[in-house]
Amino acid sequence: MGKSIAVLWAQCTRELQVKIEERADYTTHIKDDAIALMNAIEEHAMGYDKSKLKLEIIGDAIRNLFMIRQKEEEELISYYERFKSATKLLKRHFGGQINITSLIDDMKKNNPTMDEKDIQTEEWNRFLAFYFIERSDHDKYGVFIEGLKSQETMGHTQFPKTIEEARAILSARTLRGQIQRKVIQEKVKRK
């Protein structure tokens with residue numbers, strides 16, 4: 001067992017280790033592959049159950065992504081990691097990204113020379129970026145999100161194109177809010 005695999009394995013509870021060892025693909029794919037082990041850990045963390053029907057697993061993966069929401073007091077990076085995990089899990093079980101035909105058709109009209117696979121990927125990423133922002137903590141980002149939506153309806157596309165860009169925008173917004181609060185607190189103290 002490689003060092004990285006041993007470290008990952010040691011981080012698992014005994015119960016999780018048993019679940020992973022009981023998988024049909026444990027000896028052939030997971031046992032000696034750190035990435036496969038990480039994926040298996042992630043699957044089990046998101047509710048993988050070998051006794052479930054494949055359709056049920058796919059349904060759970062879809063539900064996990066579409067029900068995700070940033071929890072109250074949850075750090076943005078934690079929400080981002082959960083969102084990315086849910087996205088990876090959905091792609092793994094679904095067999096790839098979900099193609100949102102209406103978005104793809106619109107983009108084809110605007111970019112007739114663009115490769116269809118590129119359009120599909122770009123639109124899926126744009127959807128995920130939107131959804132990441134939409135499911136973020138509205139107590140923290142609500143006004144900002146409504147501003148983005150308003151700009152979009154006026155034809156000023158400012159929504160990010162990737163989840164990473166979405167996280168960066170919200171992160172900058174959080175930092176800006178913290179700075180503004182400190183400035184206000186300092187002004188109050190001076191009075």
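Coordinate-derived values only; no laboratory data. What you see is a predicted model, and the numbers here were worked out from it, not measured in a lab. Every residue, glycine as well, gets a Cβ built from its backbone with ideal geometry; the counts of neighbours run over all protein chains shown.
A simple spin-label model places pseudo-atoms 7 Å from Cα toward Cβ; at Asn39 and Thr174 they are separated by 2.9 nm. Rounded, prolate or oblate for segment 1-131? Axes are the square roots of the Cα gyration tensor eigenvalues, ordered a ≥ b ≥ c, and the cut-off for rounded is a/c under 1.5. The shape class here is prolate. Taking a ≥ b ≥ c as the square roots of the eigenvalues of the Cα gyration tensor of segment 71-190, is the shape rounded (a/c under 1.5), prolate (a/b larger than b/c) or oblate? Oblate.
Between the helical axis of 34-45 and the longest alpha-carbon principal axis of the chain there is an angle of about 70 degrees.
Just add up the charged neighbours of Glu152: K/R +1, D/E -1, any other residue whose Cβ is under 14 Å from the Cβ of Glu152. Display every interim value, and only then the final one.
Details: positive: Arg126, Lys149, Lys161; negative: Asp106, Glu134, Glu146.
That works out to 0.
The calculated 222 nm mean residue ellipticity attributable to helices in the chain amounts to -23000 deg cm²/dmol, summing -39500 (n - 2.57) over DSSP H runs of n ≥ 4 and dividing by all residues.
Would you mind checking Lys3/Lys88; Lys88/Lys108; Lys19/Lys54; Lys71/Lys140; Lys84/Lys161 for any pair whose Cα atoms are more than 20 angstrom apart? Write out the running numbers ahead of the final one.
Numbers: Lys3/Lys88 25 Å; Lys88/Lys108 26 Å; Lys19/Lys54 17 Å; Lys71/Lys140 11 Å; Lys84/Lys161 15 Å.
Distance filter (> 20 Å) returns Lys3/Lys88; Lys88/Lys108.
Dipole magnitude for the chain: computed about the Cα centre from +1 point charges on Lys and Arg Cβ and -1 point charges on Asp and Glu Cβ, it is near 900 debye.
For a footprinting-style exposure proxy, rank Ser4, Ser85, Ser136 by other Cβ within 10 Å, fewest first.
By the 10 Å Cβ count, ascending, the order reads Ser4, Ser85, Ser136.
Going from the residue with the fewest nearby Cβ atoms within 10 Å to the one with the most, Trp124, Trp9 rank Trp9, Trp124. Residue separation of Lys71 and His156 scaled by 0.36 nm, minus their Cα-Cα distance, works out to 27.6 nm of gained length. Summary value for segment 43-170: 24 percent relative contact order, contacts being C-alpha pairs under 8 angstrom separated by 6+ residues. Placing unit charges on the Cβ atoms only, positive for Lys and Arg and negative for Asp and Glu, gives segment 3-96 a dipole magnitude near 260 debye about its Cα centre.
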